[in-house]
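Here's the structure we're looking at; comments come further down.
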Amino acid sequence: MTSGMKRGNALIGQPIERVEDLRFLRGRGTFVADVNREGQLHAVIYRSPVAHGLLRSVDAQAALNLPGVHAVITAQDFGADVPVIPLRLQPLPELVPFRQPMLAHDKVRYVGEPIAIIVADTAAIAEDALDLIDADIDALPPITDRAGAELGDVLLFDEHGSNSAIEWNAVRGDAEAAFASADYTRRETFKVQRHAALFMEPRGFVAEWNANEEKLTVWGVAKVAFANRTILADTMALSENQIDMVEVDVGGGFGSRGEFYPEDFLIPFAARHLNRPVKWIEDRREHLLAANHARELECDVEIAATKDGKIIGLRGQSWANIGAYVRTNGSIAPRNAAQFMSGAYAIENIQLTTTSITTNKTPTGTYRGPGRFEGDFVRERLIDLAAKDLGIDPVEMRRRNLVSSDQMPYPLATMTPFESVTELDSGDNHALFDQCLAEFDWSEKVKLQGKLIDGRYHGVSIGCFIEGGAAGPSENARIVLELDGSYTVYLGSAAVGQGIQTIMAQIAGDALEVPFDRVRVLHGSTSHVKSGFGSFHSRSTVMGGSAIVLTAEALKDKIRDAVAPTLGCTPTEVTLDGGNASGPSGGVVSIMEVIGEPIEAEAAFLNKKYTYAYGSVAAHVAVDPKTGQVDVLEIGSTKDVGRMINPLTLNGQSVGSIVQGLGGALLEHLVYDKEGQLLTGTLADYLLPTAGDFPNIHSTVVELKPSPLNPLGAKGAGEGEIIPIGGIIANAVAAALVDFNVEPLELPLSPPNVWRLIETAQKT
Amino acid sequence: MKFPSFEYACPASLADAVALLSEEGDAMVLAGGQSLMPILAFRLAAPRLLVDLKNVPGLDTIKISAEDVRLGARVRWCDIEKHTGLSAAQPLLAEAISHVAHYQIRNRGTVGGSIALADPAAEMPGIAVTCDAEIALTGKLGERVVPAAKFFLGAMETCIQPDEIITEVRLPLWPSDRCWAFKEFARRRGDFALAGVAVFYDVDANGCAANTHIGVIGASDRPCRLGSAEQIINGAFLDATVIEAAAEAASNEIEPMEDHHAPADYRCALVKTLLERALTRAMA
Amino acid sequence: MLVKFNVNGDTVEVDVEPRVSLADCLRDVLHLTGTHLGCEHGVCGACTVIIDGEAVRSCLTLAVQADGATIVTVEGLSNDNALTPLQAAFRKHHALQCGFCTPGMITTAHALLTEEPDADAERVRDVLSGNICRCTGYVPIVEAVLEARAAYANPDKADAS
């Protein structure tokens, strides 16, 4: 399946500098906060100050009396049926009770839940009015953790009868039999802390209602504009063709941005309600409360192995603290934690269950490597624990268990409900693992294992990961050959900072057999193509790119058909070269002169199977046993993506992903108190990695085994190396502190937590 | 997060600034604004008037004399960093201030602002207390000078009266042969420290430590001296045993706060470690 | 209040409420939207502008405080035709992805290299630790700033050409 790329790699595979950069570097980007409409008003959201309570009434009179305030909208303004946020993925009937209303009406279930929307002349006035809103809430006891949720004496959803929303099961082989016959088993409990994507540009929308044409325009959409248009149309009782969703520059996504949140409805609703353009820009404090949280998971998991280190089973139970509601993609991480816990390893027998538990915290959703970061932490720790117990070198232990190339395609555990069957599409885990070891100079660095040098203990570790990509079902592209001989590519994929304008132009240029600067890429907005699916699950390059390849073929066929009569030959005899076409007899014509008007084609790439990029990551840490500080001295990663479109941007994804992972392993933690109040509500408290923290990170990306599933041979690679980082850092810390017999089972490995591990180990 | 509404005044003299504060009971002083502005952004305060000191003359100078070092209230962290004389005249200050915040904040943040904010983990108040500094204030009744030890009353709490403005911090003479060190531990570069210690002592004719000053930040509701540790050092010839004993005493003396950044026992252990490292550094 | 200052070479006079931050004034009144607001409490650095030669967080500065000042924003660093050597180095090293923190990175690095064209990697990391980037992991940003030093050591080359 490599048609359409006849000229080979003129552009694909080249480290082409991004076209996006020219505007971003000079302050000429257009982010949603930069969008202004004539006569616009500004909105702020009044959010619940308590974690759990019965909402009796909202008195907005004082706020309405403030000069400059135009409206305060509460759930009462929606009529009898308060619209809810539907489930974009896994829309199972059993999850219906847990959907979030656009505004709280009978109950509030987390601090930060929207209760009212204030619209005023300026954002400052709207914020002044916040203090004047009086919400009468009868506080209920808050549930913040699994133990509290399981007691069941307080329920978030009384009618449901339990705080557990659903159980997800991942099954492969016969785990019971495997554990019964195993030489060795070990069972441990693990915890991954709540943290979040925290992209740098806060969310925001500008919405405008054209009353004459009854049309709505929304600026600020991201990731999944088409799906959100469907939701918005349903909830606002409009047809989809009455709504235009405009994607402007997007300051980072990482899974969290662009999902349908209450504000995605509230701002357009306010604009129509007031018949004025309304702008809302999320502030950082509310971002920390309002945007999806992620990762909070407890696991009780057991590994089974033969005495020579062959892992034969994984089984156990996990509990995902999903917060107060099931949001659009709230099922993904709990499912992934179970289905992908085996990762790159051939583990034949699996029985893993994840229970999604509701609590009075911010709802959760996907964050780069959802469920995979958590599951890999558990698995990589268990492998090192088993290796230690069995007296096997952890490197050798991994080698013995990696899925080998002759096992490809390799089926993973099957997930139910909402059945998902998937298999690793291609790869050579062992070759990549050895390359990573060599590039990291493992054989030298491993000599430092557990050594105390200048007050710090050194440790190294290596682990392996898989990265699912290319989620279907389809992506659409439309390509227009313009009058000036340039090509405009319209694409359903969305930009979230990954550089798709550049990458897609590379693919289109090669597919159309024209130079890079003849191609212009427009994407994301609903007006560009008939339908689209957007950017999630590392899908844009494969899905959007493949759609471009197919569309380019269709367009070239159309052009050949159109010029063939003039050239006096059959369409298959026509040769296209940039703006010109030639026939077998040597005649050359300008395509545009023959056709005389823009010509276009549209096509979709359909796909049901996932691609799996895979790789290895090695870490070298030094631990100060007195302070508990973990210094990351070096991280090296090696990854196979099948086919590389742009090595510059791809390596950028890898290094960025590693550093995000280090944030999750060492720094980031959304801490709640027992009352359900978020204690880390500023960027001075929620600790993101900064330039001083992790200086020595390097990545290698290779093209070893192309994906057989798409015409490019490419695999989704936007999430990648973050996935194993928690496990790898924990293993390196364990290796460093081997003299103390410290075995980290919880993240983050903050200085107080590491210090506590050492203190506890010394006392026992 | 837009600021609440307020009036703004930019008086040209200290007297005018004091008069504005006296007349408007609900006023706050603005210097660099690097702590005040976030407080206003989160609407933790909503004064009716901000009195900007930027045009008040004389507050931005660093004076080094035979008696002391005087830092004007509007002296910024970058001024201290770039000053050529301070690393000799007040090396402990220079070292501690190198840990304050980030590049852009350092271009605006001021000595007076930090003293007035009285964050328990901040370096400047810690140095003021450690070094027996005096803080000069001017109000409607004139100037008064308060020893740092009596200036800080609790977390974010000081003895400044509503009509008063900090004008100067006076640090006593620093003998050139003094032994000193500053150590702090923060999660990331520029963050407020989880704890920090500032140490100095002089060496007497017998080679023993005298006049020991040990200050700690981030370990209680205000910066404070650690008398029990100082006592152990004073009169002793510093070695690993003495240092260990002093560090242990320091760890026992403090009653740290507990918050989501660190539990109390961790802070106790941290202060012990930091003091060990500081004393080891000071005697090197 | 009436406030007068110089922005990117132009003297401007604006009438703003005292509570308006310099960042909001630049963005909303003067339409210089290259200056970004990522946190509005002085941590992320996206709003960094250069006031009288010094890098400053414009979210922690009131517009009225800037009266009489000379301000340079990211828009003022390059002319219409070309990237500056610093900007070109960012592009070459892929030191930006989503582009949101980029204006603050550029203004901060420009202020640093103007004053310290010999800043080493440690100093660059120290200074940039006041600017948060969520995409790149900082490695390429530091590489880009280090590469751009040569242009600042020879100031004639620091402008776009």
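Please determine whether any residue of segment C:67-74 is surrounded by fewer than 24 Cβ atoms within 10 Å (Cβ to Cβ), touching a strand residue (DSSP E or B) at 6+ places or on another chain (Cβ under 9 Å) and among the charged types (D, E, K, R).
So in segment C:67-74, the residues surrounded by fewer than 24 Cβ atoms within 10 Å (Cβ to Cβ) come out as C:67-70, C:72.
With the extra rule that they be touching a strand residue (DSSP E or B) at 6+ places or on another chain (Cβ under 9 Å), the set shrinks to C:67-70, C:72.
Okay, now just the ones that are also among the charged types (D, E, K, R), so C:67.
There is at least one residue in segment C:67-74 that is surrounded by fewer than 24 Cβ atoms within 10 Å (Cβ to Cβ), touching a strand residue (DSSP E or B) at 6+ places or on another chain (Cβ under 9 Å) and among the charged types (D, E, K, R).
Do we have residue A:306 as farther than 25 Å from residue A:471 by Cβ and of a type outside the set (Phe, Trp, Tyr) here?
It is true that residue A:306 is farther than 25 Å from residue A:471 by Cβ and of a type outside the set (Phe, Trp, Tyr).
State which residue is surrounded by the most Cβ atoms within 10 Å (Cβ to Cβ) when the search covers only segment C:75-84 and only residues that are more than 7 Å from every other protein chain (Cβ to nearest Cβ) and within 11 Å of residue A:25 (Cα to Cα).
Residue satisfying both the conditions and the ranking: C:77.
When only residues in segment A:152-209 that are part of a loop (DSSP other than H, G, I, E, B) and of a type in the set (Gly, Ala, Ser) count, which is farthest from residue A:263 (Cα to Cα)? Full working, then the answer.
Filtering segment A:152-209 for residues part of a loop (DSSP other than H, G, I, E, B) gives A:152-157, A:161-163, A:173-174, A:182-183, A:193-194, A:196-203.
Applying the additional criterion that residues be of a type in the set (Gly, Ala, Ser) yields A:152, A:161-162, A:173, A:182, A:196-197.
Numbers: A:152: 31, A:161: 29, A:162: 28, A:173: 44, A:182: 52, A:196: 19, A:197: 18 Å.
Per the stated criteria, the residue is A:182.
Being within 14 Å of chain C (Cβ to nearest Cβ), among the acidic types (Asp, Glu) and touching an Asp or Glu at 6+ places or on another chain (Cβ under 9 Å) is the requirement here; does residue B:81 meet it?
Values: within 14 Å of chain C (Cβ to nearest Cβ): yes; among the acidic types (Asp, Glu): yes; touching an Asp or Glu at 6+ places or on another chain (Cβ under 9 Å): no.
For residue B:81, the condition - within 14 Å of chain C (Cβ to nearest Cβ), among the acidic types (Asp, Glu) and touching an Asp or Glu at 6+ places or on another chain (Cβ under 9 Å) - is not met.
Please state which of the following conditions residue A:31 fails to meet, knowing it meets all the rest: (1) closer than 21 Å to residue A:360 by Cβ; (2) hydrophobic (A, V, I, L, M, F, W, C); (3) buried (at least 21 other Cβ atoms within 10 Å of the Cβ).
(1)
What is the number of the single condition among (1) surrounded by 21 or more Cβ atoms within 10 Å (Cβ to Cβ); (2) assigned to a strand (DSSP E or B); (3) more than 12 Å from chain A (Cβ to nearest Cβ) that residue C:13 does not meet?
Failed condition: (1).
For residue C:151, which of the numbered conditions (1) in a helix (DSSP H, G or I); (2) under 18 Å from residue B:190 (Cβ atoms); (3) more than 10 Å from every other protein chain (Cβ to nearest Cβ) fails to hold?
(2)
Having 3 or more residues that are of a type in the set (A, V, I, L, M, F, W, C) is the bar; report the helices (runs of 4 or more DSSP H) wholly within segment B:60-135 that clear it.
Once the helices (runs of 4 or more DSSP H) in segment B:60-135 are filtered for at least 3 residues that are of a type in the set (A, V, I, L, M, F, W, C), what remains is B:77-82, B:86-89, B:91-97, B:111-117, B:123-130.
Which condition number does residue A:127 fail, the rest of (1) under 30 Å from residue C:24 (Cβ atoms); (2) part of a strand (DSSP E or B) being met?
(2)
All but one of (1) away from chain C (no Cβ under 14 Å); (2) assigned to a strand (DSSP E or B) hold for residue A:309, so report the exception by its number.
(2)
In segment A:290-314, how many are within 26 Å of residue A:364 (Cβ to Cβ) and surrounded by 22 or more Cβ atoms within 10 Å (Cβ to Cβ)?
Total satisfying the criteria: 11.
Just to be sure I understand, how many residues within segment B:1-54 are more than 8 Å from chain C (Cβ to nearest Cβ), surrounded by 15 or more Cβ atoms within 10 Å (Cβ to Cβ) and in a loop (DSSP other than H, G, I, E, B)?
The qualifying residues number 9.
Being surrounded by fewer than 21 Cβ atoms within 10 Å (Cβ to Cβ), at the interface with another protein chain (Cβ under 8 Å from one of its Cβ atoms) and within 19 Å of residue A:440 (Cβ to Cβ) is the filter here; which residues of segment A:654-696 pass it?
Once the filter is applied, which keeps residues that are surrounded by fewer than 21 Cβ atoms within 10 Å (Cβ to Cβ), at the interface with another protein chain (Cβ under 8 Å from one of its Cβ atoms) and within 19 Å of residue A:440 (Cβ to Cβ), segment A:654-696 yields only A:695.
Where residues in segment C:45-61 are within 21 Å of residue C:19 (Cβ to Cβ) and assigned to a loop (DSSP other than H, G, I, E, B), which of them is farthest from the chain's Cα centre (by Cα)?
So the residue we want is C:61.
Starting from segment B:52-64, keep only residues that are farther than 16 Å from residue B:78 by Cα, then list their pairs with residues that are aliphatic (A, V, I, L, M) and assigned to a strand (DSSP E or B) whose Cβ atoms are within a distance under 6 Å, requiring at least 6 positions of separation or different chains.
Sorted first by the residue in segment B:52-64, then by its partner, the pairs are B:52/B:30.
Residues A:158, A:153: which one is under 17 Å from residue A:106 (Cα atoms), away from chain B (no Cβ under 14 Å) and either surrounded by fewer than 19 Cβ atoms within 10 Å (Cβ to Cβ) or under 30 Å from the mean Cα position of the chain (by Cα) (or both)?
On inspection, the qualifying residue turns out to be A:158.
Conditions (1) among the hydrophobic types (A, V, I, L, M, F, W, C); (2) in contact with an Asp or Glu (Cβ under 8 Å, 6 or more places away or on another chain); (3) over 30 Å from residue A:126 (Cβ atoms); (4) modelled with pLDDT of 95 or more, marked per residue:
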| site | (1), (2), (3), (4) |
| --- | --- |
| A:2 | no, no, yes, no |
| A:15 | no, no, yes, yes |
| A:18 | no, no, yes, yes |
| A:24 | yes, yes, no, yes |
| A:30 | no, yes, no, yes |
| A:35 | yes, no, no, yes |
| A:39 | no, no, no, yes |
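Scan segment A:705-759 for residues that are part of a helix (DSSP H, G or I) and either among the charged types (D, E, K, R) or modelled with pLDDT under 95 (or both) and report the count.
Looking only at that region, the number is 3.
For segment A:406-423, which residues satisfy the criterion of being assigned to a strand (DSSP E or B), in contact with a Leu (Cβ under 7 Å, 6 or more places away or on another chain) and buried (at least 16 other Cβ atoms within 10 Å of the Cβ)?
A:410 - this is the single residue of segment A:406-423 that is assigned to a strand (DSSP E or B), in contact with a Leu (Cβ under 7 Å, 6 or more places away or on another chain) and buried (at least 16 other Cβ atoms within 10 Å of the Cβ).
Of the residues C:141, C:51, C:71, which single one is β-branched (Val, Ile, Thr) and over 28 Å from residue B:53 (Cα atoms)? Lay out the reasoning, then the answer.
Numbers: C:51 fails: over 28 Å from residue B:53 (Cα atoms); C:71 fails: over 28 Å from residue B:53 (Cα atoms).
Sole residue among the options that is β-branched (Val, Ile, Thr) and over 28 Å from residue B:53 (Cα atoms): C:141.
Go through segment A:252-276 and count every residue that is out of contact with any strand residue (DSSP E or B) (no Cβ under 8 Å at 6 or more places or on another chain), among the basic types (Lys, Arg) and within 20 Å of residue A:117 (Cα to Cα).
Of the residues in that region, 0 qualify.
The values are calculated or read from the model by the stated rules, or taken from the named source; none is laboratory data. Please read all numbers here as calculations on a predicted model, not as lab measurements. FYI the Cβ positions are ideal-geometry reconstructions off the backbone, even for glycines, and counts take in every protein chain you see.
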